[in-house]
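Okay, so here's the structure we're looking at.
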Amino acid sequence: MDDPDDRRRPRGPAVRHTGERTGRRPVVHTSAQWWKLCTGNSRAFAGSNPLWIAWYGTALPGALPGGRRYWTFWQYGIEGTLPGDQNLFDGSVSRLRTFARGQ
């Protein structure tokens, strides 16, 4: 199991390094519960990195972590009509293509 103190260490340098190396902002994938517990509900990355929220059993994700107002992807289930996790992109197919190209 991860050391809880290690999970609370700032991720800023790693996120910045990934962005510099790839030319893209990394997506933050988390649940609201994990983010609150392990980062103290940090607002880091809220204005700069897309959110992929894991939230199951509801019609829509609940209150988002770290002061976020919107999500980019919603992982709403772990099984369903497609194999594996069930995910939803918050936008049109055209917007998803643009996102995938890093624009």
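Quick notes on this one:
- Amide H contacts under 5 Å for residue 29, placed H, 5+ residues apart: 52
- Rounded to the nearest 500, the helix-only mean residue ellipticity at 222 nm of the chain stands at -8000 deg cm²/dmol, with each DSSP H run of n ≥ 4 adding -39,500 (n - 2.57).
- Derived from the Cα gyration tensor, the three semi-axes of the equivalent ellipsoid of the chain are 22, 20, 13 Å, largest first.
- Charge tally in the Cβ shell below 14 Å around residue 55, where Lys, Arg are +1 and Asp, Glu are -1, residue 55 excluded: 0
- Its alpha carbons considered, segment 45-103 gives a radius of gyration followed by a Dmax of 12.3, 33 Å.
- Computed over protein heavy atoms with a 1.4 Å probe, the accessible surface of the chain works out to 71 Å² per residue.
- Accessible surface of the chain, 1.4 Å probe, proportion on carbon and sulfur as whole %: 54 percent
The values are calculated or read from the model by the stated rules, or taken from the named source; none is laboratory data. Fair warning: this is a prediction, and the values are worked out from it, not measured in the lab. Please note: Cβ atoms are built from the backbone with ideal geometry, for glycine as well, and neighbour counts cover all protein chains shown. Areas reflect the complete protein model, heavy atoms only, side chains present, ligands, DNA and RNA absent. Shrake-Rupley method; radii C 1.70, N 1.55, O 1.52, S 1.80 Å.
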